[in-house]
Amino acid sequence: MTCPGRATQWTYYDGSSRQVVVTDVETRFPTGELIVSQTDRDGVITTCNEAFVIMSGFSKEELIGAPHSILRHPDMPRAAYADLWSTVQQGKRWSGYVKNLRADGGYYWVYATVIPKVRGGEIVGHTSVRREPSRDKVSEIEKLYAEMVKAEGR
């Protein structure tokens with residue numbers, strides 16, 4: 001039996017890895033919805049809304065306790081995540097376009113804003129709010145990200 005997508009071994013920043021199957025099937029972001037999740041300081045999901053569950057294709061049980069990087073799509077440049085983490089670790093808000101991997105191997109685009117949760121001067125977690133992206137910007141960003149991924153040697 002052949003796989004309907006391309007299999008990729010994906011290694012995360014912490015050294016863990018998993019095999020993911022990636023397809024070219026896009027799920028469009030539903031107009032008027034917001035995807036919301038919260039993580040601990042290390043990016044492990046602690047809460048999420050139903051829109052996140054539906055768009056990701058994972059169950060809520062699979063998401064809670066998992067690293068947010070479970071959604072990391074191989075088409076995303078490492079530099080984008082490096083910028084995100086560098087920004088939020090300074091206690092600043094980060095916004096940008098992100099291509100997320102669904103549980104079924106498909107993908108969805110979001111315009112994400114990640115806000116550090118600071119308590120007593122210390123970052124204790126993050127809140128991420130994702131909304132429907134501009135399709136024109138997605139077209140631009142897809143080209144830029146493809147160039148960045150190629151420059152990374154992937």
| said: Only four residue types carry charge here, +1 at the Cβ of Lys and Arg and -1 at the Cβ of Asp and Glu. Report the dipole size of segment 1-140 about the Cα centre in Debye, rounded to the nearest 20. | reply: 260 debye
| In degrees from 0 to 90, rounded to the nearest 10, what is the angle of the helix 78-89 Cα long axis to the longest principal axis of the chain? | 10 degrees
| request: Count neighbours as other Cβ atoms within 10 Å of each site's Cβ, and list the GluC sites (Glu not before Pro) in segment 46-154 that are DSSP loop with at most 11 such neighbours. | output: 152
| Residue-averaged 222 nm ellipticity for the chain, from DSSP H runs of 4+ at -39500 (n - 2.57), nearest 500 | -7500 deg cm²/dmol
| query | Can you give the angle from 0 to 90° between the axis of helix 135-151 and the longest principal axis of the chain, with both taken from C-alpha atoms, to the nearest 10? | reply | 80 degrees
| message | Counting heavy atoms of the protein chains only and a 1.4 Å probe, report the per residue accessible area for segment 10-154 as a whole number of Å². | response | 52 Å²
| message | Just to check, using Stokes-Einstein with a Kirkwood Rh over alpha carbon pairs, what's the diffusion coefficient of the chain at 25 °C and 0.890 mPa s in µm²/s? | response | 153 µm²/s
| task | Could you tell me which of 153, 139, 111 has its Cα farthest along the dipole of segment 110-154 towards the positive end, charges placed at Cβ (Lys, Arg +1; Asp, Glu -1), taken about the Cα centre? | result | 111
| query | Mind listing the phi-derived Karplus ³J(HN,Hα) values for segment 18-26, rounded to whole Hz, using 6.51, -1.76 and 1.60 with θ = phi - 60°, and x for any glycine or proline? | reply | 7, 8, 10, 9, 10, 10, 9, 8, 9
| Rounded to the nearest 0.05, what FRET efficiency do residue 7 and residue 131 have when you use their Cβ-Cβ distance and R0 = 41 Å? | 0.85
| Relative contact order computed over the chain (Cα-Cα under 8 Å; 6+ residues apart), in percent | 25 percent
| said: Within the chain, what whole-number % of the accessible surface is contributed by carbon and sulfur, with the 1.4 Å probe and all protein chains included in the calculation? | reply: 51 percent
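The values are calculated or read from the model by the stated rules, or taken from the named source; none is laboratory data. If you're wondering where the values come from, they're calculated on a predicted model, not measured in any experiment. Every residue, glycine among them, receives a Cβ derived from its backbone with ideal geometry; neighbour counts consider all protein chains shown. Only protein heavy atoms, including side chains, enter the accessible area calculation; ligands, DNA and RNA are left aside. Shrake-Rupley method; radii C 1.70, N 1.55, O 1.52, S 1.80 Å.
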